[in-house]
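This report refers to the structure that appears directly beneath it.
The values are calculated or read from the model by the stated rules, or taken from the named source; none is laboratory data. Not measured: the values here are computed from a predicted model. Glycine gets a Cβ as well: all are built from the backbone with ideal geometry, and neighbour counts include every protein chain shown.
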Amino acid sequence: MEVVIFKNADKVTRRGAGLVAEMLGVKPNAVFGFATGSTPIELYRQLVDRHRKGELSFRDTTSFNLDEYMGIAADNPQSYRSYMNREFFDHVDIDKNNTYLPACENSENPQLVGPEYEASIRRAGGIDLQILGIGHNGHIGFNEPSSSLSSRTRVKTLTRRTLEDNSRMFSNGEFQPKLAITMGIGTIMEARRILLLATGKSKADAVAAMVEGPLTAMCPASILQMHERVTVLIDEDAAAGLKYREYYDLAHRENRALKERFGEFYASG
Ligand code: F6R
């Protein structure tokens with residue numbers, strides 16, 4: 001894993017946006033894997049900003065979101081489809097026909113949604129760059145602790161912790177789904193490159209477990225230790241639990257120097 005620690009959350013998202021821009025530079029028709037939640041909101045704002053300045057175009061890209069709630073319609077403001085439209089798709093030139101979420105509202109059998117979603121990802125040529133956040137319990141997508149490390153897109157029941165964490169988004173008495181469809185861990189691991197963003201003190205334990213803890217289904221994000229090209233962008237607060245902090249900083253400096261000497265240089269984890 002390449003672990004890069006920044007002074008603050010703003011620098012984390014700036015670097016994240018920079019990596020998305022680099023991907024578009026290399027591959028204008030890149031296939032992105034997008035996440036929702038609080039963490040990537042600023043990333044989307046920066047990408048929208050750069051698009052408005054004429055620096056970035058998403059015209060030829062395709063995207064697959066990690067997850068979607070079950071039991072609410074796409075046009076419900078709480079759906080992840082609404083979130084993506086509101087925060088990103090409505091403000092850039094991406095063709096919405098090429099933006100996918102694993103929604104099951106029009107499916108007679110939600111169990112068929114997962115395999116169909118996987119087939120769409122394959123048809124698009126696979127995901128070039130997957131953006132991830134991390135849950136306080138170490139989840140990625142909605143793959144909660146104890147999820148199979150080789151799981152595929154499927155229906156998952158959310159843990160009490162995740163429901164509590166996400167309840168801040170719902171008003172009193174509003175229906176909060178307990179089920180979601182999420183890309184599986186096996187699905188996420190097939191992305192060619194993965195970018196995980198985490199900021200804030202509350203993420204420090206999950207980040208430490210992901211980067212330095214044992215590989216275990218009890219911290220689903222720990223599977224990323226097995227991926228060849230993962231970049232973890234975190235701020236000082238989220239890095240607070242890391243024991244090898246000094247090494248990550250050193251490696252980052254060396255990688256930057258290599259990039260200056262040899263051009264684009266992909267740090268391997
Ligand atoms: C969202 C998702 C989740 C979030 C995670 C962190 O699509 O898949 O795994 O990335 O719950 O959420 P925030 O960023 O709100 O802390």
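Restricting attention to region 227-248, the residues being of a type outside the set (Phe, Trp, Tyr), in contact with a helix residue (DSSP H, G or I) (Cβ under 9 Å, 6 or more places away or on another chain) and closer than 21 Å to Gly16 by Cα number 12. Ser147 satisfies every condition listed in (1) at pLDDT below 95; (2) in contact with a Pro (Cβ under 7 Å, 6 or more places away or on another chain); (3) buried (at least 20 other Cβ atoms within 10 Å of the Cβ) except (1). Taken over region 152-166, the criterion of being in a helix (DSSP H, G or I) and loosely packed, with under 14 Cβ neighbours inside 10 Å is satisfied by Arg160, Glu164.
In region 112-124, the residues that are in contact (Cβ under 8 Å) with a residue 12 or more places away in the chain reach residues that are part of a helix (DSSP H, G or I) with C-beta atoms within less than 9 angstrom, at least six apart or across chains, in these pairs: Gly114/Thr187; Tyr117/Thr187; Glu118/Thr187; Ile121/Thr187; Ala124/Asn98. The test for being more than 13 Å from the ligand (Cβ to nearest atom), more than 18 Å from Leu129 (Cβ to Cβ) and β-branched (Val, Ile, Thr) holds for Thr216.
Among the candidates Gly125, Gly114, the residue that is surrounded by 13 or more Cβ atoms within 10 Å (Cβ to Cβ), away from the ligand (no atom under 14 Å from the Cβ), of a type outside the set (D, E, K, R) and over 27 Å from Val207 (Cβ atoms) is uniquely Gly114.
For region 235-247, the criterion of being in a strand (DSSP E or B), over 30 Å from Ala74 (Cβ atoms) and within 15 Å of the ligand (Cβ to nearest atom) is met by at least one residue.
Per the listing Thr157, Thr162, Thr182, the residue uniquely more than 12 Å from the ligand (Cβ to nearest atom) and not small (Gly, Ala, Ser) is Thr157. Within this structure, Ala30 fails the test of being buried (at least 20 other Cβ atoms within 10 Å of the Cβ), within 13 Å of the ligand (Cβ to nearest atom) and modelled with pLDDT of 95 or more. Search region 167-188 for residues being of a type outside the set (Ser, Thr, Tyr) and crowded, with 19+ Cβ neighbours inside 10 Å, and hand back the single one that is nearest to the chain's Cα centre (by Cα). So the residue we want is Ile188. Evaluate the following for Ala204: is it in contact with a strand residue (DSSP E or B) (Cβ under 7 Å, 6 or more places away or on another chain) and buried (at least 18 other Cβ atoms within 10 Å of the Cβ)? Against the criterion (in contact with a strand residue (DSSP E or B) (Cβ under 7 Å, 6 or more places away or on another chain) and buried (at least 18 other Cβ atoms within 10 Å of the Cβ)), Ala204 does not qualify.
One residue stands out in region 36-86 among those that are aromatic (Phe, Trp, Tyr) and assigned to a helix (DSSP H, G or I): the one that is farthest from the ligand (Cβ to nearest atom), namely Tyr44. Residue pairs whose Cβ atoms lie under 8 Å apart, separated by 6 or more positions or on different chains, with the first residue in region 1-27 and small (Gly, Ala, Ser) and the second assigned to a strand (DSSP E or B), are Ala9/Asp235; Gly16/Ile131; Gly16/Leu195; Gly16/Leu197; Gly16/Leu233.
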